[in-house]
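K.L.:
Below are the structure tokens for one structure; questions will follow.
The values are calculated or read from the model by the stated rules, or taken from the named source; none is laboratory data. Computed from a predicted structure; not experimentally measured. Here the Cβ positions follow ideal geometry from the backbone for every residue, glycine too, while neighbour counts run over all protein chains shown.
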Amino acid sequence: MSEKELLRITRSRLIERLKKVEDLGLLTHMDSLLEPGSEAWWSSLPTKVKASVLTGIEQADKGEFVSDEEVRKVRAQWRNP
């Protein structure tokens, strides 16, 4: 399935689900998540998740990461021991 088709299907499914939502608070929150430039998504994350993300950013800024290629090699080893 192409990405364009998956996008169309996902959007349609989400629209149908939203039509059934009766919780104004939920709809307001979801609307704020879609607002351009909104950081509502960040404030909605659990503290533990935010800490993990910030740690990852700090590590990346220090160059403490591995390449995609290296990750793929390790992953392939896990799949084919």
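K.L.:
Scanning for something of a type in the set (A, V, I, L, M), in a helix (DSSP H, G or I) and loosely packed, with under 11 Cβ neighbours inside 10 Å, does the range 19-36 turn up at least one residue?
P.N.:
yes
K.L.:
Within the bounds of the range 51-62, is there any residue that is more than 30 Å from LEU18 (Cα to Cα) and either modelled with pLDDT under 85 or not in a helix (DSSP H, G or I) (or both)?
P.N.:
yes
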